[in-house]
Amino acid sequence: MAFTLLKNAAQSLRERLQVKDLENTAPALRHWLQSDFGRYLQVRERRVIEEHFSQLPGYRLMRVGLTSDPETLDCFNHIHRFSIHPNELEGAHSALSTFVELPLMSETIDVLLLQHALEFSRSPKAVLAEASRVVMPGGHILLCAFNPYGPMGMAKFSMQLCFGHAQYSFHNLRLGRVIDWLSLLNFHVMAVEHGAYNVPLNYPHWIDHDSRWEKVCQKARLPMANFYMIHAIKRVPRGIINPAKSWQAAVTGYRVTQGLKHSAERKESSHSLTRHTANEN
């Protein structure tokens with residue numbers, strides 16, 4: 001009896017700590033983003049984009065994530081801007097799709113904004129691989145995720161264990177781990193920024209966008225922020241040289257070099273023989 005109770009309790013805890021399907025948790029996450037702390041996070045992320053990444057080149061920009069803040073897309077100057085959402089449409093310039101199967105052809109997007117799409121998905125590697133597929137060579141990825149060493153990340157385990165809130169049901173993705181994934185997908189990381197240093201409490205008097213603490217931490221670029229943002233560029237693949245032509249060129253070059261060498265040796269031998277004959281005479 002006791003063993004059964006312990007087994008059921010362990011299974012319940014395991015289910016509570018698992019990251020659930022995004023299609024099921026998206027409504028609760030949208031509701032949380034409208035809270036005081038959720039709006040604070042969106043404002044801080046928008047400020048980081050405006051200060052560092054608003055001038056990225058290209059024509060087509062796509063946002064994949066949970067946020068539906070239209071002002072974030074307005075930070076960019078791209079002609080075509082639209083969003084992909086997991087469970088409901090948000091505005092005219094949006095589409096409904098899962099994050100692991102984007103309804104786009106390969107290498108069609110100039111700038112891809114991944115806004116908390118990795119950590120809230122059950123398979124973050126699959127989401128990142130799909131994002132890499134749709135970004136064209138030389139294109140850009142802006143990846144925003146919660147920092148495991150920030151206030152949200154530090155409170156994740158206890159809050160998820162005790163209350164099971166949807167906003168704490170995410171993967172703890174370390175910055176170095178995500179950078180390694182990007183490198184394996186042929187991306188070169190250009191910059192990393194951090195933002196939002198307040199504690200995750202939904203009290204307006206606790207949240208001050210322009211507090212001295214926020215300014216000092218942002219200026220010092222301290223790594224214990226609530227989120228980090230990575231800017232990476234997809235490497236342009238080099239052209240493949242035809243091995244047959246390469247081999248022929250190498251052989252031709254070798255023959256030319258050897259021919260010139262043999263010609264020089266023959267000429268030197270001829271001169272030596274002429275000098276030797278002259279000395280004998």
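The values are calculated or read from the model by the stated rules, or taken from the named source; none is laboratory data. Note that this is a predicted model, so its numbers are computed, not measured. With ideal geometry, Cβ positions are generated from the backbone for all residues, glycine too; neighbour counts draw on all protein chains shown.
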Give me the pairs, please: first residue somewhere in region 224-239 and more than 15 Å from G58 (Cα to Cα) and surrounded by fewer than 22 Cβ atoms within 10 Å (Cβ to Cβ), second residue anywhere and among the aromatic types (F, W, Y) and at pLDDT below 90, beta-carbon distance under 7 Å, and either six or more positions apart or on two chains. M224/Y149
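Give region 51-78 a look and list any residue that's part of a helix (DSSP H, G or I) and either surrounded by 19 or more Cβ atoms within 10 Å (Cβ to Cβ) or over 18 Å from the mean Cα position of the chain (by Cα) (or both), or say none.
E51, F53, P70, E71, T72, L73 - these are the residues of region 51-78 that are part of a helix (DSSP H, G or I) and either surrounded by 19 or more Cβ atoms within 10 Å (Cβ to Cβ) or over 18 Å from the mean Cα position of the chain (by Cα) (or both).
Return yes when R122 is among the basic types (K, R) and in contact with a Ser or Thr (Cβ under 7 Å, 6 or more places away or on another chain) and no when it is not.
On the way: among the basic types (K, R): yes; in contact with a Ser or Thr (Cβ under 7 Å, 6 or more places away or on another chain): no.
No, not satisfied.
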Given the structure, is E90 in a loop (DSSP other than H, G, I, E, B), modelled with pLDDT of 85 or more and among the acidic types (D, E)? no
